[in-house]
Amino acid sequence: CYFFTIEFGLCKQEGQLRAYGAGLLSSIGELKHALSDKANVKTFDPKTTCLQECLITTFQEVYFVSESFEEAKEKMRDFAKSINRPFSVYFNPYTQSVEILKDTRSIENVVQDLRSDLNT
């Protein structure tokens with residue numbers, strides 16, 4: 001999904017098609033192609049978008065459009081929540097790093113840190 005959102009994302013704004021992907025915004029040729037009648041534009045659905053092959057030497061065969069940028073973000077958040085992972089992650093604001101919570105001990109450490117923060 002990254003490739004067809006962050007790089008080649010399209011959304012509607014005030015009824016018009018707009019590009020928000022960096023790959024489109026940095027390539028006038030690809031941007032013209034994506035906004036032309038020649039482009040194959042489909043509704044953005046992360047479950048199908050993530051299966052689409054991304055091309056790096058030619059224009060994309062398909063682009064995905066959302067009704068709004070907000071809708072694209074919400075769909076991605078919902079999709080990310082649906083991915084089964086054998087672990088969880090936690091952002092540690094003090095170290096500014098992401099910690100993997102893969103066992104009881106790592107979860108207990110986060111809970112202990114949160115309790116300490118609440119008591120200070």
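Laboratory data are not the source of any read-out in this text; all were calculated from the coordinates shown. On a predicted model such as this, the values are computed, not experimentally measured, just so you know. Note that we place each Cβ from the backbone using ideal geometry, even for glycine, and neighbour counts take in every protein chain shown.
Which is loosely packed, with under 15 Cβ neighbours inside 10 Å and closer than 18 Å to C1 by Cβ, of T104, T43?
Answer to the check: T43.
Quick one: which helices (runs of 4 or more DSSP H) lie wholly within region 26-120 and hold at least 3 residues that are within 21 Å of the chain's Cα centre (by Cα)? Walk me through it before giving the result.
Working: elements: 28-34, 46-49, 69-82, 104-119.
Where helices (runs of 4 or more DSSP H) fall fully within region 26-120 and carry at least 3 residues being within 21 Å of the chain's Cα centre (by Cα), they are 28-34, 46-49, 69-82.
Out of all the residues in region 2-41, which are within 18 Å of D78 (Cβ to Cβ), touching a strand residue (DSSP E or B) at 6+ places or on another chain (Cβ under 9 Å) and not hydroxyl-bearing (S, T, Y)?
Once the filter is applied, which keeps residues that are within 18 Å of D78 (Cβ to Cβ), touching a strand residue (DSSP E or B) at 6+ places or on another chain (Cβ under 9 Å) and not hydroxyl-bearing (S, T, Y), region 2-41 yields F4, G9, C11.
If F69 satisfies all but one of (1) closer than 30 Å to L114 by Cα; (2) in contact with a Cys (Cβ under 8 Å, 6 or more places away or on another chain), what's the number of the condition it fails?
(1)
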